[in-house]
Each structure stands twice: as C-alpha cells, then as structure tokens.
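Written out below as structure tokens is the structure these notes cover.
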Amino acid sequence: MADTGVQARKSAVYLLDQILGEEPRLMSELLAGGALDKLPPDDRARAQRLALETLRGMERADRLLQKYLNSYPPLTIRNVLRVGTIELCQGGAAHGVVNAMVNLVSGHRTLSHLKGLTNAILRKIATEGPDAWAALRAPRLPKWLRGPLTEAWGADAMAAMEAAHFAGAPLDLTARRDPVALAEAVGGVVLPNGSVRVRDAGQVSAMPGYAEGDWWVQDAAAALPVQVLAPKKGENVLDLCAAPGGKTMQLAALGAQVTAVDSSASRMVRVKENLARVHLPAKTRVQDAREVAGEYDAILLDAPCSATGTIRRHPDLPYAKDGSEFGDLIELQSELIDHAWSLLKPGGRLVFCTCSLLPDEGEVQVDEALERHADMTTDTDALDVPGIDADWHTTEGGLRLRPDYWADRGGMDGFYISCLRKAG
C-alpha cells in the first residue's frame, strides 16, 4: 500500500474530513492527538503536506470539480477528489494519482460504490485540469474572515495577503549563534533581521545542526518581538504565554535571566524539550499568566489571539474556526496587558505582540491600554531593528507586519508588535 502512496493519501483525506467536518478540528490538535503516528516518517510528512496543499488550493480545486459534479457527494469523496485534483494540477503523474485515489475509495467500507465516479472525474481533471488551474485566481479566505480583514486593510492588500497564503511558507530558523554560518550549513539565506530562510527543507530533525541545538524553527516575524525588547545580559525577563518556546530561547541566548510561563502543562513540556535541545537555561512555570507575581525588568507578552497572521503556514485555521471565540480572546488580551503592567519595574518595558491581522488584537489594544495607564508610553525607538521598513510603523507607535511583506523573499507571518515603556 505504501509504495502506491494510498496510505499517505488516505491519511490526508482523514485530516481533511476532520478539519472540514461538522465539528471542525485544527490540524495541530489532530497531530497532537496522534492522527498520523502509525505512519512511517515519509508517509506522515506526505500526508500532512497533501492536506495542507489541498486546504491552500481548495477553492481552485472546487471550481474545477464543480464542472463535473451534478450534486455534492459525501465529504470524504469530495476530499478524495480535492486531493487528487491538487496533485494532478501540480504535476502529479495521472496514472499513479488516479489509481491511488480509486484504490482508496475501493477500500472504503461504505463509499466503495463511488469508485467509478472518482475514476471518471479524476481522469477528466487529469486531461483538462492543469491548463485551467493556472488561470484561476488565488483562493480567497472564507467570507467570515475576509470581510473584516478587507475592511481593515483594503481590497488590494487583501488580495496580496491571499496570494501569500496560497504560496505557503518557507522554513525560517533562528540561529543559536552565527546566522551566516547556519545559512551556509543548511543551504539557506540570511534575512534582513538575521533569521535564516530555507526552501524545500525536508525533514527538519535531519537538517545539519538540529541535534546539536544550533538553531530552532521560528518564523522571521515571530523573531522580531525579542529583537524589539532587546534584553540586556542579566536582566530579569518574564516570558508570558511562552509555548512553544522560540522567544524563550531567544531571550536566554541573549543572556537574560528568563522565567517562562504558560498555562498548558503539555505545551510547557515542549518548551522544556526545546530548551534542553539547544542547551539554554530558563525557569519554567505552568501557571495562568494573570496569576503570576513578582517584579521584572522586562516582559514579553505574546498573547493568545486569533492566529490569523499564520494562515500561510496553517491554512486549516479559516475552516476549523468561525471567529466566535475572538471576542473572548480580545478581552483576555486586555486583562493580560494590565496584569503584566503591574509586574513591571518602573522604567521597565513590556513588548506586547500577537500573531494576528485583526486591529482589535493589536493597534486597538495598545490604543486602549494607553488610555488606561497614565504611566505607559510607546517606545518607538525600540522598533528600529534590522529589517524593519518605515512603512510598517503604526500611528499609535507599534509595528504592523503582514504576510505579503517581503513577498520577493517568501513573505512573513502577520504580526502586531508594540514596546510599552513604564515611567521611572
């Protein structure tokens, strides 16, 4: 089975069934729950890649398929056809793809009678699909999310962000020491902010320097908040909502005395594992960030958010969520800012950031925090770090990053970052 790719494709369809089903689940939840654990490493990577590529290109696939469908088949068959269409339109060998998808349906306990439909449609896609594929627009976000983002940033910016989402994301690394040496070792390039970008990286744990702890995976945009905080050696720094630990490792590598806090015990296990692999010290604590006590020179608050800035890496998000929880997240962010402010020493600085494209989780949060705290100001000088374009600065004194920025280099995650200074 594995030599025909059926098992990897079957697992990709399973992931899509769960993400797009009546009770949608995120890809991260499925993987953490062991959805692919029984597969060998190559099939596991292939299944995940196929599912992600199908989610990115689903609108295009559905447009091609609707020509041949008089009615909607069951979700599993739709996902079989979507995966097959994506593979065929991206250069997959027609004979191998069609046969594998037909075999997959043939082995299904209740849907095997639809193997003929699957065969007929995918053979038509193999003939006509690739030419039609390239003429279609970049897939759009679902209306529930596209509407507010278009209102915030405009139609042209929305189209550019959707093109970045469709293109996906290369792999970014943060070097433990020398980014130039790391780029040479892994065949990557050094970005303006010092991150190392790798294309077609393959299996991460097999890359040079992984076992030695020379680097960790971290999108270039996600590396910027620590660069804005600019911790000094020996400073007592609190990293709130720290998992999976990329920023904790950055802080520790710069010599700060770091306390990393996260409310999830399982996610904190990952932070500890990451720290151990890169041989960096930090105190770790499983605790609600709103219950932390103490006094700190500097605080990094990467607050829980909608994660709408990470869609180019997590294309499941617009389908597994509907925005209903965003109001609670925005309220939580305000609470976290206020509590973090109470822990900051006079003259200290708080970097607030979210991997969100929604102004309510960035610019608006800081505007409102400035109104609540008379001793709070934005430190715009702290934002002048390598790689930052002046156009990314916002009126209230923060940074707005978008997926279409650095488009010629492969884009970046959407982020909001602000450095807040406490009066001395």
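The values are calculated or read from the model by the stated rules, or taken from the named source; none is laboratory data. All of these numbers come straight from a predicted model, not from anything done at the bench. All Cβ positions, even for glycine, are placed from backbone atoms using ideal geometry, and neighbour counts span all protein chains on display.
Select from region 32-81 the residues that are of a type in the set (A, V, I, L, M, F, W, C) and within 16 Å of M101 (Cα to Cα) and list them in ascending order.
If the condition is that a residue be of a type in the set (A, V, I, L, M, F, W, C) and within 16 Å of M101 (Cα to Cα), then A47, L50, A51, A61, L65, L75, I77, V80, L81 are the ones that fit.
With the structure loaded, tell me whether T380 is within 20 Å of G147 (Cα to Cα), hydroxyl-bearing (S, T, Y) and modelled with pLDDT of 95 or more or whether it fails that test.
no
So the check is Cβ under 6 Å with 6+ separation or different chains; which pairs have a first residue in region 98-123 that's in contact (Cβ under 8 Å) with a residue 24 or more places away in the chain and not assigned by TED's automatic domain parsing to the domain that holds A61 and a second one that's assigned to a helix (DSSP H, G or I) and of a type in the set (A, V, I, L, M, F, W, C)?
Qualifying pairs under 6 Å: none.
I'm told G84 meets every condition in (1) more than 30 Å from G323 (Cβ to Cβ); (2) part of a loop (DSSP other than H, G, I, E, B); (3) touching a Lys or Arg at 6+ places or on another chain (Cβ under 9 Å) except one. Can you identify the failing condition by its number?
Of (1) more than 30 Å from G323 (Cβ to Cβ); (2) part of a loop (DSSP other than H, G, I, E, B); (3) touching a Lys or Arg at 6+ places or on another chain (Cβ under 9 Å), only one is false for G84: (2).
Only residues in region 394-414 that are over 16 Å from A307 (Cα atoms) and at pLDDT 95 or above count as the first member; pair them with residues that are of a type in the set (D, E) and not in a loop (DSSP other than H, G, I, E, B), Cβ under 7 angstrom, at least 6 apart or cross-chain, and list the lot.
T394/E363; E396/E363; E396/D367; G398/E363
Please specify each residue of region 187-203 satisfying the condition of being under 23 Å from P403 (Cβ atoms) and either more than 22 Å from the chain's Cα centre (by Cα) or exposed (fewer than 14 other Cβ atoms within 10 Å of the Cβ) (or both).
Those that are under 23 Å from P403 (Cβ atoms) and either more than 22 Å from the chain's Cα centre (by Cα) or exposed (fewer than 14 other Cβ atoms within 10 Å of the Cβ) (or both): P192, R199, D200.
Based on what the data block shows, is G424 on the phi < 0 side of the Ramachandran plot, outside any strand (DSSP E or B) and in contact with a Gly (Cβ under 7 Å, 6 or more places away or on another chain)?
yes
Among the residues of region 191-206, write down those that are out of contact with any strand residue (DSSP E or B) (no Cβ under 6 Å at 6 or more places or on another chain) and not in a helix (DSSP H, G or I).
Once the filter is applied, which keeps residues that are out of contact with any strand residue (DSSP E or B) (no Cβ under 6 Å at 6 or more places or on another chain) and not in a helix (DSSP H, G or I), region 191-206 yields P192, N193, G194, R199, D200, G202, Q203.
Identify, by number, the condition in (1) surrounded by fewer than 16 Cβ atoms within 10 Å (Cβ to Cβ); (2) touching a strand residue (DSSP E or B) at 6+ places or on another chain (Cβ under 7 Å); (3) among the hydrophobic types (A, V, I, L, M, F, W, C) that A183 doesn't meet.
With respect to (1) surrounded by fewer than 16 Cβ atoms within 10 Å (Cβ to Cβ); (2) touching a strand residue (DSSP E or B) at 6+ places or on another chain (Cβ under 7 Å); (3) among the hydrophobic types (A, V, I, L, M, F, W, C), A183 is out only on (1).
Scan region 255-280 and report the pairs whose first residue is touching a residue at least 60 places away in the same chain (Cβ under 8 Å) and whose second residue is among the basic types (K, R), with Cβ atoms within less than 6 Å and a gap of 6+ or a chain change.
Qualifying pairs under 6 Å: V278/R176.
Kindly establish whether R146 is farther than 30 Å from R44 by Cβ, among the basic types (K, R) and more than 22 Å from the chain's Cα centre (by Cα).
no
Exactly one condition in (1) within 15 Å of T118 (Cβ to Cβ); (2) outside any helix (DSSP H, G or I); (3) in contact (Cβ under 8 Å) with a residue 24 or more places away in the chain is not met by L36; state its number.
Condition not satisfied by L36: (1).
Going by the conditions given, is N119 part of a helix (DSSP H, G or I), at pLDDT 95 or above, within 29 Å of the chain's Cα centre (by Cα) and more than 30 Å from R400 (Cβ to Cβ)?
Here the answer is no, as N119 does not meet what is asked.
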